[in-house]
Amino acid sequence: MERELNNLRKSMNASTHKGMRFTERQKVKIRAAIQLEQTNIKRKHPLLIYFITSLAASLFILLFYTDIIATLTNKDIKQGSKQSIESEWEIRNHYVRNGKVKFSVFEDPYLSAGKPFGYMISFKEPFEKYEGKELEIYAVHKETGKRLSVLPSTKITEPSSGYSSLERFTTKLLIPEAGLWKYEVYFDNKLYGDVVLAVQEAKFFPSNIPPFVQKTDFEHIDWNRKAVKIDNNIIGNTNKSGVIGADMPSLNINQKWMWHLWGIENPKETKLTVIGYHRETETIHQILTTGWSIGLGGKNNGADAHTPSSVNIPLPGEWAVMLYVDGNVFDVLVYEINN
Amino acid sequence: MSSESGKENVSLDREAWLEKIMEQYGDRLTKLSYNYIKDWNLAEDIVQDVFITCYKEFEKIDNIISFKTWIYRITINKCKDVLKSSIFKRVMVNSNFSPLKRSPELTPEMMILKRSEEEFLSTSVLALPLKFREVITLYYYEELSIEEMSGILKINQNTIKTRLNRARKKLRALMERWRENGAGT
């Protein structure tokens, strides 16, 4: 075997590898290939320009993509053929067209279904653009596809007070169901823009409400039994409960309120629970900044028990402050708080 | 070493040097590639690639310890790349050599064709699986030493020896069968 293999070179060159396999033609091919490669290197410069151009173009498209979509769909509106601007359902408070914010919607932070909630819409274009036009708002429910007129036609006659245009247009809208809603804003029957907002499930009590607080407690509030002035600047219900500080500005700032209760036998072992109920929105609020409940102290200002606290009122209007002592309804203080 | 790379003459420029190595290695590398690829056209393409690589690496050639080892290695690596590539697998899967590659039995063609023993041995070598074909051709055809092969293939010398032995055994079996079947008649 070894003998044959030692002659393998000879054998192969005589059979399978017969002849010269590297010819002049092959050399010419290689020289040509090298030539081509050289010119390719020289050509790199213009190619680089093409590359940079395409890169810039794709970056441009990437950055302004949404605007392009908006512009394209905008064309549709002008033609009146298709009155939908964006099909996406991502929550957004702003409507942007051609890289400019056309309007922003700021909804009530407690926005939920079944009750009217306040919205502030800030339109960004000059007032001439809106003047004399009919504003309408429709809401489209993502889940069911339901489309409702939530704001009937409203004529725009003057700019927001204190502003040159409609920077502070406020309205109240009622959304019947929870979920994602698209608010379509129309001027003179032409779609102007839209925003997508999430509407919470109608929920009466916040999840951390003390367990003894019942919904029935809020169903029979006597709104005519308004708090009255008692001695020592206390405002409340005579010989039952009252607050010093309830007439001080408390809207969206922390205000010191001093609670006074009558008819408490053992104040130091008693806890006071304060539940704020806003009449207009029919919503429950925690108004003590430290929690739902607070411990009581001894006699003060003629009352049997008292405690200082920090209070923040989130909304203006009529409030029923429900007081609980030891898990039972103690009193209801009705205030009108507007500042 | 410098005589291998053909750069002993300092005044030699890139083009002249290329001509020289093409003259010196062109045929050998083509046949070396054929031993791997078993297709003359593909082998030519590979060798063209190798020489273009050489041309580009002209400045660095002086740093290479053994030009022959280097040029063999890049050729073999390119061959193996082609063997692994999907195009090669798709195109070559039904080529004449495939059945031979797999079966140690003599195929009807091998029996019928009147061939010389030399031709039969050459065909049998080419029909071996790659790892045996590789060591046999490098050792007997390219007449490299075990040490050189170890450097080119980056394989342990003992592994090479083992593979050579197993390849010889396979070839011997084939040759004996062929002789029994009345070769060349």
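The values are calculated or read from the model by the stated rules, or taken from the named source; none is laboratory data. Quick caveat, the model's predicted, so the values are computed rather than measured. In this analysis, Cβ positions are derived from the backbone assuming ideal geometry, glycine residues included, and neighbour counts consider all displayed protein chains.
If we keep just the residues of the stretch A:244-254 that are crowded, with 21+ Cβ neighbours inside 10 Å and not β-branched (Val, Ile, Thr), which is farthest from the chain's Cα centre (by Cα)?
A:246
Only one of (1) modelled with pLDDT under 80; (2) within 22 Å of residue B:130 (Cα to Cα) is not met by residue B:9, so which one is it?
Unmet for residue B:9, out of (1) modelled with pLDDT under 80; (2) within 22 Å of residue B:130 (Cα to Cα): (2).
Can you tell me which residue is modelled with the lowest pLDDT among those in the stretch B:51-70 that are buried (at least 19 other Cβ atoms within 10 Å of the Cβ) and facing another protein chain (nearest Cβ under 9 Å)?
Among them, the one singled out is B:55.
How many residues does the stretch A:228-262 hold that are over 14 Å from residue A:301 (Cα atoms) and out of contact with any Ser or Thr (no Cβ under 9 Å at 6 or more places or on another chain)?
Within the stretch A:228-262, residues that are over 14 Å from residue A:301 (Cα atoms) and out of contact with any Ser or Thr (no Cβ under 9 Å at 6 or more places or on another chain) number 9.
List every residue pair whose Cβ atoms sit under 8 Å apart, with the two residues 6 or more apart in sequence or on different chains, where the first one lies in the stretch A:93-119 and is without any contact (Cβ under 8 Å) to a residue 24 or more places away in the chain and in the same structural domain as residue A:252 (by TED's automatic domain parsing) and the second, anywhere, is in a strand (DSSP E or B) and of a type in the set (Phe, Trp, Tyr).
Partner pairs satisfying both residue conditions: none exist.
Condition first: buried (at least 18 other Cβ atoms within 10 Å of the Cβ) and touching a His at 6+ places or on another chain (Cβ under 9 Å). Can you find one or more residues in the stretch A:324-335 that meet it?
Among the residues of the stretch A:324-335, not one is buried (at least 18 other Cβ atoms within 10 Å of the Cβ) and touching a His at 6+ places or on another chain (Cβ under 9 Å), which makes the answer no.
Under the condition of being under 16 Å from residue A:191 (Cβ atoms) and in contact (Cβ under 8 Å) with a residue 24 or more places away in the chain, which residue from the stretch A:143-155 is surrounded by the fewest Cβ atoms within 10 Å (Cβ to Cβ)?
Going through the qualifying residues, I end up with A:148.
Here is a list of conditions, (1) of a type in the set (A, V, I, L, M, F, W, C); (2) more than 22 Å from residue A:285 (Cβ to Cβ); (3) surrounded by fewer than 18 Cβ atoms within 10 Å (Cβ to Cβ), and residue A:191 meets all of them except one; can you say which number that is?
Unmet for residue A:191, out of (1) of a type in the set (A, V, I, L, M, F, W, C); (2) more than 22 Å from residue A:285 (Cβ to Cβ); (3) surrounded by fewer than 18 Cβ atoms within 10 Å (Cβ to Cβ): (3).
Going by what's in this entry, would residue A:86 be described as modelled with pLDDT under 85 and touching a strand residue (DSSP E or B) at 6+ places or on another chain (Cβ under 9 Å)?
Taking the combined requirement at face value, the residue satisfies it.
Quick one: residue A:216 ticks every box in (1) exposed (fewer than 14 other Cβ atoms within 10 Å of the Cβ); (2) touching a residue at least 12 places away in the same chain (Cβ under 8 Å) bar one, so which box is it?
Result: residue A:216 passes all but (2).
Considering only the stretch B:136-166, how many residues are more than 9 Å from every other protein chain (Cβ to nearest Cβ) and either crowded, with 20+ Cβ neighbours inside 10 Å or part of a helix (DSSP H, G or I) (or both)?
20
Would you check which residues across the stretch A:9-26 are of a type in the set (S, T, N, Q), over 16 Å from residue B:46 (Cα atoms) and facing chain B (nearest Cβ under 7 Å) and list them?
A:11, A:15, A:16
Going by the conditions given, is residue A:166 outside any loop (DSSP other than H, G, I, E, B) and either touching a His at 6+ places or on another chain (Cβ under 8 Å) or crowded, with 16+ Cβ neighbours inside 10 Å (or both)?
Judged against the criteria, residue A:166 is not a match.
Looking at this structure, is residue A:9 in contact with a helix residue (DSSP H, G or I) (Cβ under 7 Å, 6 or more places away or on another chain), closer than 26 Å to residue B:137 by Cα and part of a helix (DSSP H, G or I)?
Yes, satisfied.
Quick one: which of A:222, A:231, A:304 is in contact (Cβ under 8 Å) with a residue 12 or more places away in the chain and under 30 Å from residue A:118 (Cβ atoms)?
From the options A:222, A:231, A:304, the qualifying one is A:222.
For residue B:19, work out the one condition from (1) modelled with pLDDT of 90 or more; (2) facing chain A (nearest Cβ under 9 Å) it doesn't fulfil.
For residue B:19, the failing item is (1).
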